[in-house]
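The values are calculated or read from the model by the stated rules, or taken from the named source; none is laboratory data. All values derive from a computational prediction rather than experimental measurement. Virtual Cβ from ideal backbone geometry, glycine too; neighbours counted across all protein chains shown. The area values use the complete protein model at the heavy-atom level, side chains included, leaving out ligands, DNA and RNA. Shrake-Rupley method; radii C 1.70, N 1.55, O 1.52, S 1.80 Å.
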Amino acid sequence: MEANLVTKEEFIAKVEELIANGDGPFSIAVADVDNFENINKIYGYPIGDEVIKKLLSVFRQNLSGIDLITRHGDELNILLVKKGSERSFMEMEEIRRYLSDNTFNLSYKDKTENVYITVSCGIASYPRDSKNPIELFRVADSAMFRAKKLGKNKVCLSEVESMVLKSSYFTKTQVDRLAELSKETEKTEAFLLREALDDLFKKHSK
């Protein structure tokens with residue numbers, strides 16, 4: 001299931017509901033397109049709109065059916081339900097890397113451009129960072145601006161934390177095929193691997 005696209009009002013109402021029910025952990029991520037003004041200048045505003053549509057598609061494909069996304073200009077706000085800071089960081093980092101590793105053919109009318117898109121992302125988590133919705137947004141925004149300041153195309157938590165990601169070893173053919181499948185399905189390689197692991201567990205569960 002894809003993440004749901006909602007209005008800003010619906011998004012805030014859900015955040016307030018989760019806090020009122022003490023239903024954590026959850027995280028808010030703010031993802032902003034890097035150099036969006038340049039994209040509009042180089043390719044034109046219609047292709048700029050296609051960039052946002054592509055981003056929405058990629059984020060929705062790679063998040064859970066209970067997660068919510070709302071758009072504000074060239075910025076996306078994402079509500080990651082039942083996900084603390086570490087899980088949220090990993091999911092946003094997978095999407096950031098997928099975008100950074102690819103270019104996308106985007107079309108408007110008879111014009112097609114091959115566009116490189118990156119995002120800077122900040123994350124705030126309840127209850128760790130705040131129990132107040134306005135403050136959570138402020139903390140996530142602040143982390144996003146820190147990602148921009150550090151050179152863009154980065155994911156930052158509300159404070160500096162080191163994440164240790166597990167490494168696995170695959171054959172070159174497997175890695176190449178996985179990269180192709182990732183591009184075709186608009187799903188990150190890590191998302192596809194998790195799907196495959198789930199299928200494996202089902203197959204061998206007694």
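Over the chain, with every protein chain in place, what whole percent of the accessible area is carbon and sulfur at 1.4 Å, could you tell me? Solvent-exposed carbon and sulfur of the chain make up 52 percent of the total. Relative to its residue count, the stretch 65-144 spans a Cα convex hull of 115 Å³ per residue.
Take 184-194, 170-180 and order them by the average number of nearby Cβ atoms within 10 Å per residue, most first; the result is 184-194, 170-180. For the stretch 36-151, the Cβ-based charge dipole about the Cα centre amounts to some 200 debye (Lys, Arg positive; Asp, Glu negative; other atoms uncharged). Taking the inverse of the mean reciprocal distance over all distinct Cα pairs, the Kirkwood hydrodynamic radius of the chain comes to 17.9 Å.
Summary value for the chain: 25 percent relative contact order, contacts being C-alpha pairs under 8 angstrom separated by 6+ residues. By DSSP, the beta bridges lying fully in the chain are antiparallel in about 85 percent of cases.
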